[in-house]
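Taking it in order: structure first as structure tokens, then the write-up.
Just so it is clear, none of the values below were taken in a lab; they were calculated from the coordinates. In this text the structure is predicted, and so the values were computed from the model without any measurement. Here the Cβ positions follow ideal geometry from the backbone for every residue, glycine too, while neighbour counts run over all protein chains shown.
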Amino acid sequence: MAELQKKFFGMDSTEFGIFTRRYGIGLVMILMMAVLSIASPAFRTTDNVLNVLLQVSINGILSVGMAFVMIAGGIDISIGSMLALTSSVAGMVLLKTENIPLAIVVSIAATTIAGFMNGILVAKFKMFPFVVTLATQLVFRGFGYFVSGGYAHSIEVPEFKIIGTGRMFNVIPYPIIIFFLVVVIAYILLHWTKTGRYVYAVGGNVNAATASGVNVSKTQIITYVISGVCCGIAGIIMTSRINASQPNIGVGYETDAIAACVIGGASFAGGLGTIPGTVIGIIIIGLIYNGMNLLGISSYWQTIMKGLLIVAAVLLDLLLHTKK
């Protein structure tokens, strides 16, 4: 195998592994786009490209928050419930005050506190992240039902709908722009700051991070807070798009977020992953849905393909990081 890699790619095993981890998923995305462009001319249209980006914008923002948590060695399966909590809180504030800025601030604050709670339980009480967020997803959704009274409420503030359905210059949907801004901020925070280096250090080796003077608990809490903030932003966009406050939304959204991170190169063991990789991961998921819709393939196969893609990404991660 090493000889074949050297012959065809001009790289030894180590160099080939580095190349694959850095650029492999990007090449997969480009290949998928090329195949879909040939298979369906409608895929190449500007409207369809914007539609794909619009469809992945909410899950993309959730995935960015999940990336921080997973790189630090955690997991957060409560994000779907936080999405519902955001919708309920925003809807109730708008119902009582019709104050859009207040509704945005209060609802994002609610999910930020929820993320902080997750972080405290994981970092301070040393509880397993999966167990913690499995429990808190019930708690957060329960609060959503409590705040909304268990019912969906139509939002009677026309200006609020612009957040999810409006377009800049009547071309680019605002959710895509918000997604782009979140990605840029997350990239700077994770890849250019001390906090980002600490996130990688904690996920890579907790003991080594502690010995190096990294505040492990604080770093873990920060990652869950970031996830909470991203949930709040995504929840505002979703509530605006459906123009209603619904406590039952967000079911299963954690699956796409985790899938995007894993496909994009994150490891369940922590210490690996990038924001660009996560963005590519969620776009690939969007391409699967969009491509199969254009080709008239059943939605059941879309779900099957997404599951198989996650398995393939995890197997690839194991193969690339198993010591010979």
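In a simple Cβ point-charge model (Lys, Arg +1; Asp, Glu -1; nothing else charged), the chain has a dipole of about 560 debye relative to its Cα centre. Sorting Asp47, Asp256, Asp76 from the fewest to the most surrounding beta carbons within 10 angstrom yields Asp47, Asp256, Asp76.
Treating each Cα of the range 56-107 as one equal point scatterer and applying the Debye formula with no solvent, the log10 of I(q)/I(0) at q = 0.14, 0.15, 0.24 Å⁻¹ comes out as -0.46, -0.52, -0.89.
Comparing Val106, Gly213, Ile249 along the charge dipole axis of the chain, the residue lying farthest to the positive side is Gly213, per the Cβ-charge model. Ile120 sits among other residues whose Cβ lies under 15 Å from its own Cβ, and their net charge, with Lys and Arg +1 and Asp and Glu -1, is +2.
Test of understanding: given the chain, find the longest segment containing no GluC sites (Glu not before Pro) that are in a DSSP loop and have at most 14 other Cβ atoms within 10 Å. The answer is 157-324. Site pair Val131 and Asn207 shows an inter-label distance of 2.2 nm when each label is modelled 7 Å from Cα along Cα→Cβ. Among the lysines in the chain, how many pairs, 8 or more places apart or on different chains, have alpha carbons under 20 Å apart? Final tally of qualifying lysine pairs is 6. Within the shell of other residues whose beta carbon sits under 15 angstrom from the beta carbon of Gly65, the net charge comes to -3, with Lys and Arg scored +1 and Asp and Glu -1. List residues of the range 88-124, by number, whose backbone nitrogen lies under 20 Å from a label position 7 Å along Cα→C-beta of Glu156. 88-104, by backbone N distance to the label point.
Remark: spin-label model distance Val184-Lys124 equals 3.6 nm, labels positioned 7 Å along the Cα→Cβ axis. Under a Cβ-Cβ cut-off of 10 Å, what is the net charge of the residues other than Asn243 that fall near it, where Lys and Arg count +1 and Asp and Glu count -1? With Lys, Arg at +1 and Asp, Glu at -1, the net is +1.
Proximity of backbone amide H atoms, modeled 1.01 Å from N, is registered between Arg167 and Tyr174 at under 5 Å, excluding neighbours fewer than 5 places apart on the same chain. Expressed in units of 2.2 N^0.38 Å, where N is the residue count, the Cα radius of gyration of the range 106-182 is 1.49.
A Förster distance of 35 Å, applied to the separation of the beta-carbon atoms of Phe146 and Leu31, puts the FRET efficiency at 0.15. Full extension of the chain between Val171 and Asn243 yields a length gain of 23.9 nm, computed as 0.36 nm times the residue separation minus the alpha carbon distance. A straight chain from Arg44 to Phe116 at 0.36 nm per residue would run longer than the Cα-Cα distance by 21.7 nm.
Working from Cα pairs under 8 Å separated by at least six residues, relative contact order for the range 234-324 is 23 percent.
Given +1 at the Cβ of Lys and Arg, -1 at the Cβ of Asp and Glu and no other charges, the dipole of the range 203-324 around its Cα centre is 180 debye to the nearest 20. Within the chain, the ratio Rg/Rh, alpha carbon atoms throughout and Rh by Kirkwood, equals 0.99.
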